[in-house]
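See below for the structure under consideration.
The values are calculated or read from the model by the stated rules, or taken from the named source; none is laboratory data. All values derive from a computational prediction rather than experimental measurement. Heads up, the Cβs are rebuilt from the backbone with ideal geometry, glycines too, and the neighbour counts pull from every protein chain shown. Just so you know, the surface numbers come from the protein's heavy atoms only, side chains and all, with ligands and any DNA or RNA stripped out. Shrake-Rupley method; radii C 1.70, N 1.55, O 1.52, S 1.80 Å.
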Amino acid sequence: MEIAAKYDPSGIEEKWYQHWLNKNYFRSVPDEREPYTIVIPPPNVTGVLHMGHMLNNTIQDVLVRRARMQGKNACWLPGTDHASIATEAKVVAKLKEQGIEKSSLTRDEFLAHAWEWKEKHGGIILEQLKKLGASCDWERTKFTMDQDLYQSVIDVFVDLYNKGLIYRGVRMVNWDPQALTALSDEEVIYKEVKSKLYYLRYRVEGTADEWVTIATTRPETILGDTAVCVHPEDERFRHLKGKRVLVPLIKRSIPVIEDEYVDREFGTGCLKITPAHDINDYTIGLKYNLESIDIFNDNGTLNEKALLYIGMDRFEVREKITEDLLNHGHILKIEDYVNNVGFSERTDAVIEPKLSVQWFLKMEEMAKPALEVVMNDTVKFHPEKFKNTYRHWMENVRDWCISRQLWWGQRIPAYYLSTGEVIVAASAEEALAKAREISKNPGLTASDLRQDEDVLDTWFSSWLWPISVFDGIRNPENPDIKYYYPTNDLVTAPEILFFWVARMIMAGLEYRNEIPFKNVYLTGIVRDKLGRKMSKSLGNSPDPLGLIEKFGADGVRVGMLLTSPAGNDLPFDESLCEQGRNFSNKIWNALRLVKGWQADSTLEQPQYAAAAIEWFDAKLNSSLALIEDNFAKYRLSDALMTAYKLVWDDFCSWYLEMVKPAYQQPIDSKTLAASVGFFEKLMQVLHPFMPFITEEIWHLLNSRGEESIMLSPMPAAGDYNPELLNWFEQASEAVIGIRNIRKDKNLPFKDKVDLMIKGENPAKYFDEVVAKLGNISSLTYVETKPAASAGFVVKATEYYIPLGQGVDLEAEKEKLMKELEYTQGFLASVEKKLNNEKFVSNAKPEVVENERQKQADAIGRMEILKAALSDLGI
């Protein structure tokens, strides 16, 4: 069989992936086997493959392929998330390019554009995952806006509302002025920002020149001030009790109030209170019944309530009001100041605290059981360190703002009567029936009801994902949900531990009375060589498909997994993928070697081959046990590294060298069969990590027809004799020692040499292996050290090669004498230092100790050199 000289992944990967699809190998339906289930963390429908996806989905595919080979009914369910904010932003931008404003469209017209965009661009990322080798059950692909998933979300909203867990109210929310929607606390990213701290003077009402100074980072918000607050025990402000001050520029009269909330050490100890634009001020406003003046429009410009700068953007106003305050003598000083500012996770706009009517889900009671199942390891985190992060979040949970001021998403099933009555129902028809019943007016029509304009937070659909993809909300007793739920493993990122993982656990306990998954594998962040997170804006993220084209999917998978232990960041470098490609080439070259051997059934199996086979069988089983242990502990990087070393070092570098026949000579049938058998097992072990090359080699090693390696049984660890491994370790060190002497003494490998062994040799079983790999003409055991020989020691066994064989003894003597002379001079210089009392007294102890070590090493080296010269008769 003609095998290509070089492994070319491009055609092979396409061929095998299409074959797997044609044969429905990824398909899963409930049967009598043990299920193994993973639901994909649904990427945004707007998304394209990035390095984080590559890592996450490679890990999932490894777990799924391994489970499939272990005889389990493996189901990896793919899908995408409708991503309300991101998708709506892209659709709005596309419409703007066409000269269409969202405001000019009806809701239905806009949604038609959104669906058109989704059908055109959505799902690209799933097609890209196929290039990586993802073995998903594509027939089960789900989208969070599919009708069954949509209805599941609506049903859950209605249920939680009826349980009293969902409520509507005016609250201070995180407002995104760019996306024009509220965000949950978890969607706000806090960054350290270099700001300014402005010290502003407010004149005390009724005085000509009495002032109060406050410090703020946001001078534009003074236009919404409704009080100034001081600490009740602060002596500096006792005289202000019961007085009022005037807001600069607009001269609004506001009270001075006292509250222990004020930090006397911050700024001046005097705090401006703006209830509409700060969460803490909002709380104080409620406590003292202060007026709340919202000076911002939804887009971050100032409205008429600000009285000044109407229609200007908030950041432009900051510059303008600073100038005006300076001109009117209201600014005492301005200092540089570093503070944490909240940014929208989606748009990166600076968040504006804003009073708004929103829908909320009570979290406190739902969080308690969800915390307990993680802390008692019913749900296991890998690595475990994230349990503390999870506990902190869950013990400090706040009600979840679940409404979004968008059109793309699941529309909130709340309907309003003209009287203000709220009806929550799963459909407009149900809402109308309820409204007639509540109002006792059978004449009400659909036009008398107005549905809430808002949609639900995207995460409100994602938290149901492990249940809703199997239709477990609408049909809780259907065969799929009963078979596949709870799922086995979830692979995701720590940054969405609360966003998604915690909420899925809550939903699972609420709607299935069961956890949604048993293990959570938390990946790290893919970073560049400088430690920066990979991102489009930094331009430091390579194109994943470009990497696959350059290095092959197997090469990229291996490159990413070799340095990505769970929970730790991955310092990515293209050289990792190159290492993966080199590994593919190493395996391919091993295949070409083995397939090039010709078997001769009349040949007896040599003892060295029998010993090699026995050793490699033990090595294979010990490695399999280690790999199984690594998988059990979710140490996938370690599992891959064990398999990598087993193939590269043990199989290719040692085993094949031990058993390969002489050039152009046949091999005995027994050894060839064992070698092919080992090769096949290694491909099975590697298949979850490297699906394409292993399938190709599996078919080239033996004629298999329609069989696939992905459905073959994963080799399991068997019994082995650990002594064999210890013996071979010594034998391999002996081979390395022989090669070193050959190199050092210029003894060509093609020339045979004699080997003499002194002392007990536990590795005697491998003497023929040592003789073959060392090209030894005769191997004998001796009682005394032979003269004129070069030697080395492995453990307690001494090995010697007589030097009369092609060695220039005079040149060897001269070389040893020169090295002895150099070592004597080096020792003299070290001892000169150590004999200097001043040096020993003044130098650091570690420096002196280092010199003493040099002295000891030099003396030891001299003894070895003198012994070698003695052997040569000097």
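Structure data summary
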{"read-out": "P(r) histogram, all alpha-carbon pairs of segment 246-292 included - 5 Å bins from 0, percent", "value": "5, 19, 28, 28, 17, 3"}
{"read-out": "Kirkwood Rh in Å, taken over segment 417-502 so that all alpha-carbon pairs contribute", "value": "16.3 Å"}
{"read-out": "Tilt relative to the chain, helix 84-97 - C-alpha long axis, 0 to 90 degrees, to 10", "value": "80 degrees"}
{"read-out": "For segment 35-120, the Rg and Dmax computed from alpha carbons only, in angstrom", "value": "18.2, 57"}
{"read-out": "Label-zone membership for segment 54-83, site E34, 7 angstrom Cα→C-beta point, backbone N under 16 Å", "value": "63-75"}
{"read-out": "Cα centroid separation - segment 330-409 against segment 170-203, whole Å", "value": "14 Å"}
{"read-out": "Average projected area [Cα convex hull, segment 740-864], square nanometres", "value": "9.9 nm²"}
{"read-out": "Nearest-20 debye value, segment 550-645 charge dipole, Cβ charges on Lys, Arg, Asp, Glu", "value": "240 debye"}
{"read-out": "Under the Debye formula (equal points on every Cα, no solvent term), log10 I(q)/I(0) of segment 489-555 at q = 0.14, 0.17, 0.20 Å⁻¹", "value": "-0.65, -0.79, -0.89"}
{"read-out": "For the chain, calculated [θ]222 nm from helices alone, where every DSSP H run of n ≥ 4 adds -39500 (n - 2.57)", "value": "-13500 deg cm²/dmol"}
{"read-out": "The chain - accessible surface per residue (Å², probe 1.4 Å)", "value": "45 Å²"}
{"read-out": "Segment 278-380 - convex hull of the alpha-carbon atoms, volume per residue in Å³", "value": "213 Å³"}
{"read-out": "0 to 90° range, to nearest 10: angle between helix 9-22 axis and the chain longest Cα axis", "value": "60 degrees"}
{"read-out": "Ratio of Rg to Rh over segment 633-766 (Cα coordinates, Kirkwood Rh, two decimals)", "value": "1.03"}
{"read-out": "In degrees, nearest ten, helix 607-632 long axis to first principal axis of the chain (Cα)", "value": "10 degrees"}
{"read-out": "Dimensions (Å) - segment 1-147, Cα atoms, principal axes, largest first", "value": "66, 44, 26"}
{"read-out": "Computed Kirkwood radius, in angstrom, where 1/r is averaged over Cα pairs of segment 523-659", "value": "17.2 Å"}
{"read-out": "Packing-based ranking, highest mean first, of 209-220, 741-752 given that Cβ atoms within 10 Å are counted", "value": "209-220, 741-752"}
{"read-out": "Ratio of the Cα radius of gyration of segment 320-476 to 2.2 N^0.38 Å, where N counts its residues", "value": "1.55"}
{"read-out": "Relative packing of peptides 124-134, 853-863 - highest average C-beta neighbours within 10 Å first", "value": "124-134, 853-863"}
{"read-out": "Three principal axis lengths of the chain [C-alpha, angstrom, descending]", "value": "113, 81, 51"}
{"read-out": "Residue-count net charge about W588 - beta-carbon cut-off 12 Å; Lys, Arg +1, Asp, Glu -1", "value": "+2"}
{"read-out": "R0 of 25 Å, Cβ-Cβ distance E233-E291: FRET efficiency to nearest 0.05", "value": "0.40"}
{"read-out": "Geometric extent, Cα atoms of segment 224-346 - Rg, Dmax (angstrom)", "value": "15.3, 48"}
{"read-out": "Radius, Kirkwood style, for segment 464-607 when every pair of distinct Cα atoms is counted (Å)", "value": "19.2 Å"}
{"read-out": "Gyration tensor (Cα) of segment 654-712, equivalent ellipsoid semi-axes in angstrom", "value": "24, 13, 9"}
{"read-out": "Highest-first arrangement of 462-470, 624-632, where packing means the average Cβ count within 10 Å", "value": "462-470, 624-632"}
{"read-out": "Where a label projected 7 Å from the Cα of K385 along Cα→Cβ would reach, residues of segment 482-506 with amide N under 13 Å", "value": "494"}
{"read-out": "Förster-model FRET efficiency, 45 Å R0, S195 and D108, C-beta, rounded to 0.05", "value": "0.55"}
{"read-out": "Reachable lysines, given that their alpha-carbon falls under 28 Å from the alpha-carbon of K785 and they are not under 8 places away in the same chain", "value": "K743, K745, K750, K752, K758, K764, K772, K795, K813, K815, K818, K866"}
{"read-out": "Once the Cα gyration tensor of segment 512-588 is diagonalised, semi-axes √(5λ) in Å", "value": "26, 19, 12"}
{"read-out": "Alpha carbon convex hull of segment 340-379, volume per residue in cubic angstrom", "value": "154 Å³"}
{"read-out": "Translational diffusion of segment 316-362, µm² s⁻¹ [Kirkwood Rh, Cα pairs; Stokes-Einstein; 10 °C; 1.306 mPa s]", "value": "110 µm²/s"}
